[in-house]
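Asks: Have a look at this one.
The numbers here are math on the coordinates, done by the rules we state, and not lab data. In this text the structure is predicted, and so the values were computed from the model without any measurement. Quick reminder, even Gly has a Cβ in these numbers, built from the backbone with ideal geometry, and neighbours come from all protein chains shown.
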Amino acid sequence: MSQEGSDRSIIQRVPTYIEGFDGALEGGIPDGSIVLIAGAPGTMKSTVTCNILYHNARKRSSRCVYMTLEQSRQSLERQALRFGMDFEKVKENMRILDFAVVRRNLKHLTAKKSWLEVFKMYIGNLRDSFPFDFVAIDSLDVLEMAGQIQNRRDELFYLFEWFRELNSTVILTSEMPAYRLTESANDVAYLADGIISLYTQDVSDVEVQRRIRCLKLRSTEHSMDSFTFINESGRFMAVKAISK
């Protein structure tokens, strides 16, 4: 076996549990990657991210942390339940954190430390008590805004280095459509190991389809094709798009 083939065979991958999509990713996301799930509002970024963590927690006993920086935990739980995700079934392996609540509980610290320092401290302490395999941050846009990131190039570089030091698979959501991330010299596009694009596509005067596409995934010979993204009774599926 060639060295290249050998390298591919030893890469540990974690499935997205989107039927038809993992096959386009050589089986899933390389373990330990930082992956950006990008798309405009309403493209199901949070739901897709929840789906990945939920099924890895339930079917593979992975330890997962989902941190919402904007949506409340109650709202997220209601939304997930509509797609067949009952967090009560994975309560031993999955933590749902509403950082607005965390900030209120740690209000005494925010007077002494920056918001971003408190965020990192909290995640670090959580990792000590609950060694997680996955952590999802929803969203990177809110994290940047709340952290008052100004020198974007340098601060994002060190933030991503900190993510890597967690030794976990990290999923970040972003409201910025993927085409805007990749068409310009965007720091996030270079720093992330992978970019999964969610978007809507007009296929007729009256029909709109959801689409999913992997634009980038390091250590993977992935498909660049767009797939129609379908949900049926809690099953997420990616079907090769044949329309425009």
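Asks: DSSP loop GluC sites (Glu not before Pro) in the stretch 169-244 with at most 12 other Cβ atoms within 10 Å of their Cβ, which ones? Working shown, then result.
Replies: Details: sites: Glu175, Glu183, Glu207, Glu221, Glu232; in loops: Glu175, Glu207, Glu221.
Those satisfying the criteria are Glu207, Glu221.
Asks: Given points 7 Å out from each Cα along the Cα-Cβ axis, report the Glu155 to Arg78 separation in nanometres with one decimal.
Replies: Placing both labels 7 Å along Cα→Cβ, they lie 3.3 nm apart.
Asks: Something else now. Run the numbers for Asp202 and Asp141: contour at 0.36 nm per residue of separation, minus the present Cα-Cα distance, in nm.
Replies: Answer, rounded to one decimal: 19.3 nm.
Asks: Let a ≥ b ≥ c be the square roots of the eigenvalues of the Cα gyration tensor of the stretch 137-244; is it rounded (a/c under 1.5), or, if not, prolate (a/b larger than b/c) or oblate?
Replies: prolate
Asks: Taking the convex hull of the alpha carbon atoms in the stretch 3-240, what volume per residue do you get, in Å³?
Replies: Values: hull volume 33.6 nm³, N = 238.
Looking at the stretch 3-240, the number lands at 141 Å³ per residue.
Asks: Can you pick out the pairs among Lys59/Lys113; Lys45/Lys240; Lys89/Lys120; Lys91/Lys120 whose Cα atoms lie more than 30 Å from each other?
Replies: Beyond 30 Å: Lys59/Lys113.
Asks: Still on this model: Report the extension gain between Asn186 and Arg60 in nm, rounded to one decimal, defined as 0.36 nm multiplied by the number of residues separating them, less their alpha carbon distance.
Replies: 41.9 nm
Asks: Same structure, new question: Please list, ordered by chain and number, the residues whose modelled amide H lies under 5 Å from the amide H of Val203; skip anything fewer than 5 residues away on the same chain.
Replies: Amide H neighbours of Val203, under 5 Å, 5+ apart: Val208, Gln209.
Asks: Another question, if that's okay. Between Val239 and Glu165, 0.36 nm times their residue separation minus their Cα-Cα distance comes to what? Walk me through the intermediate numbers first.
Replies: Working: separation 74, 0.36 × 74 = 26.64 nm, distance 3.54 nm.
Stretched fully, the Val239-Glu165 segment lengthens by 23.1 nm.
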